[in-house]
Amino acid sequence: VLHIPSTGKMVESVSQRPGIASKAEECLLFSIYHCAVFSISEEECMKIFKQDRSTMMKRFHAAARQALVNASFLKTTEIAVLQALYLYLLSSRDAYDPHTYWILTGISARIGQRIGLHRDGENLGLPPFEVELRRRLFYQVFPHDSRASQSAGIDYISLPEAWDTKPP
């Protein structure tokens, strides 16, 4: 979902000068922090951060959610905001009931459509780096929504035939 070298440079830059962070970068950072805490055990959290995992999860969950609101995620056309939303949702699956979670993953899928991820970037004449980034995000966001629908007991809806995004 993320290009690690590019994201690493952004994290380093923003950590040195937080005031320069765009709203999209702020979303991405808090979503990354939330994922990082989500992915470690209580013991690792105490050892690394000297704080309990549940407190940190609540703190970063709220911060990521607020950063998404601040970035007007429902109106966004920025890939970084969609990346942040995807990471936030991925690490928030236990925070929502299955039906609410399915609705939220549907929002990420509709944002992906608004951005045009369902159209292959190569056919749109985009640079190779952007084409690959869009493909990778597409093949995470849309299957994530279908998995969430299954968890909510909703029938899986296949992707429309007109969508032409190639595999990464």
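The values are calculated or read from the model by the stated rules, or taken from the named source; none is laboratory data. Please read these numbers as outputs of a predicted model, since none were measured by experiment. With ideal geometry, Cβ positions are generated from the backbone for all residues, glycine too; neighbour counts draw on all protein chains shown. Side chains included, ligands, DNA and RNA excluded: accessible areas come from the protein's heavy atoms. Shrake-Rupley method; radii C 1.70, N 1.55, O 1.52, S 1.80 Å.
Expressed as a fraction of 2.2 N^0.38 Å, the value expected for a compact globular protein of N residues, the C-alpha radius of gyration of the range 16-66 is 1.20. Axis angle, to the nearest 10 degrees, between helix 4-16 and the longest C-alpha principal axis of the chain: 40 degrees. Using the Cβ-Cβ distance between S151 and A36 with R0 set to 25 Å, the FRET efficiency from 1/(1 + (r/R0)^6) comes to roughly 0.55. For the range 74-157, with all protein chains in place and a probe radius of 1.4 Å, 55% of the accessible heavy-atom surface sits on carbon or sulfur. In this rough spin-label picture, where each label sits 7 Å from Cα along the Cβ direction, the I48-I107 distance is 2.7 nm.
Working note: 222 nm ellipticity from helices only, DSSP H runs with n ≥ 4, each -39,500 (n - 2.57), summed and divided by the residues of the chain, gives -21500 deg cm²/dmol to the nearest 500.
Extension gain, R17 to R59: 0.36 nm times the residue separation minus the Cα-Cα distance gives 13.0 nm. When D120, D155 are compared by accessible surface with a 1.4 Å probe, the order from highest to lowest is D155, D120. Take H99: with every protein chain present and a 1.4 Å probe, its accessible area is about 100 Å². Taking the Cα of S72, stepping 7 Å toward and past its beta carbon, and measuring to each backbone N in the range 25-48: which are under 18 Å? What the label zone holds, given the 18 Å backbone N cut-off, is 25-28. Which one, L87, L133, L28, has the greatest fluctuation when you compute a Gaussian network model over the chain with C-alpha springs under 10 angstrom? Per the Cα network of the chain with a 10 Å cutoff, L133 tops the list. Extents of the range 25-115, largest first, come to 42, 28, 16 Å (Cα atoms, principal axes, whole angstrom). Against the chain, whose longest principal axis comes from its Cα atoms, helix 23-38 is set at around 70 degrees. Reducing the range 19-88 and the range 89-168 to their Cα centroids gives an inter-centroid distance of 19 Å.
Among I32, I103, I20, the largest mean-square fluctuation in a Gaussian network model of the chain (Cα springs under 10 Å) belongs to I20. Considering only alpha-carbon pairs that sit under 8 angstrom and 6 or more positions apart, the relative contact order computed for the range 43-168 is 22 percent.
Straight-line reach from K47: taking Cα to Cα under 23 Å and skipping same-chain neighbours fewer than 8 places apart, the lysines in range are K58.
Probing with 1.4 Å while keeping every protein chain in the model, the per residue accessible area of the range 11-76 equals 61 Å².
As a ratio to 2.2 N^0.38 Å, the alpha-carbon radius of gyration computed for the range 62-143 takes the value 1.11. If you run the Gaussian network model on the chain, springs between alpha carbon atoms under 10 Å, then out of P143, P128, P98 the most flexible one is P128.
Accessible area of S41 (1.4 Å probe, protein heavy atoms only, ligands and nucleic acids ignored): about 40 Å². Convex hull over the Cα atoms of the chain, averaged projected area in nm²? Averaged projected area of the chain's Cα convex hull equals 10.6 nm².
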